[in-house]
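Chemist: Below you'll find the structure I mean.
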Amino acid sequence: MSKMQSSGRRKFLAQASMGMTAGVFFAAPTTSCAQNQNQATPVDNINIICPKAGYTPQIGTLVSMMNWMRNTILYPVQGMSVKDLDYLHDDNSNSIGAMLWHLAATERFYQINTFDGRPWGNWPAEDRKAWSTPMGLGSKGRKRIKNHPPEFYLEKLETVRANTLKAFAERDDEWLLSVDEDWGWGSTNNYCKWFHVCEHESNHNGQIKWIKSRINT
């Protein structure tokens, strides 16, 4: 085989490989979701990450991920008593109840930043009063966040999330991808900020499961 033929063959294989890769990672999921937009599976099955009706494609996919994570974090707290939600493993621990309220507070503060355009920390007085303690946790949280039933924390999570979804439906992918050059960890966009809200729940999900496994042991 000549060098020209060999070079041409390598180029063809490389192009074919790129096409196959694109098909696996991009075309297949998009086609699958598009073909089933009006069927029950992608809408009702939480394990299918996909654009959702009522949102632009990127925002809908983010909503799908956030729904999956929220379902995951609420599962281990089902049926927990007030005593269990208040359990402190040691003097430096946070209770499960406090962490649930903390997640609602985190989401609220990201709403203020991304929806209202306020710099991080520049919170309205009413929000600072309502959310600063669960946001900060620590010794103040251990003293103040207790004696609440599960419904107390679930209502806060559900109310904040409902406001997030309403605001998402009023925005588009251009907003989601817009960049904030002055963010604390460096240039970032609204997509990364809201993915962090989702990832933040994942982080506390592990802590909640660990603390739950220590109750009554």
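The values are calculated or read from the model by the stated rules, or taken from the named source; none is laboratory data. On a predicted model such as this, the values are computed, not experimentally measured, just so you know. Reconstructed Cβ throughout: ideal geometry from the backbone, glycine too, with neighbour counts over all protein chains shown. Remember, those area values only see protein heavy atoms, side chains included, never the ligands or the DNA or RNA. Shrake-Rupley method; radii C 1.70, N 1.55, O 1.52, S 1.80 Å.
Chemist: Quick one: C33 ticks every box in (1) modelled with pLDDT of 50 or more; (2) open to solvent by 60 Å² or more (accessible area, probe 1.4 Å); (3) of a type in the set (A, V, I, L, M, F, W, C) except a single one, so which number is it?
Modeler: Of the numbered conditions (1) modelled with pLDDT of 50 or more; (2) open to solvent by 60 Å² or more (accessible area, probe 1.4 Å); (3) of a type in the set (A, V, I, L, M, F, W, C), the odd one out for C33 is (2).
Chemist: Out of I112, I208, I need the residue that is touching a residue at least 40 places away in the same chain (Cβ under 8 Å) and either among the charged types (D, E, K, R) or assigned to a helix (DSSP H, G or I) (or both). Which one?
Modeler: On inspection, the qualifying residue turns out to be I208.
Chemist: If you don't mind, there's one more thing I want to ask. Within region 137-180, how many residues are open to solvent by 80 Å² or more (accessible area, probe 1.4 Å), without any contact (Cβ under 8 Å) to a residue 40 or more places away in the chain and either touching a Cys at 6+ places or on another chain (Cβ under 8 Å) or outside any loop (DSSP other than H, G, I, E, B) (or both)?
Modeler: Result for region 137-180: 9.
Chemist: Which of the following residues is under 30 Å from K52 (Cα atoms) and β-branched (V, I, T): T133, T188?
Modeler: Testing whether each residue is under 30 Å from K52 (Cα atoms) and β-branched (V, I, T) leaves just T188.
Chemist: Quick one: W183 ticks every box in (1) open to solvent by 60 Å² or more (accessible area, probe 1.4 Å); (2) of a type in the set (A, V, I, L, M, F, W, C); (3) at pLDDT below 95 bar one, so which box is it?
Modeler: (1)
Chemist: If I go through region 66-99 residue by residue, how many of them are assigned to a helix (DSSP H, G or I), in contact (Cβ under 8 Å) with a residue 60 or more places away in the chain and buried (at least 16 other Cβ atoms within 10 Å of the Cβ)?
Modeler: Residues in region 66-99 being assigned to a helix (DSSP H, G or I), in contact (Cβ under 8 Å) with a residue 60 or more places away in the chain and buried (at least 16 other Cβ atoms within 10 Å of the Cβ): 11 in total.
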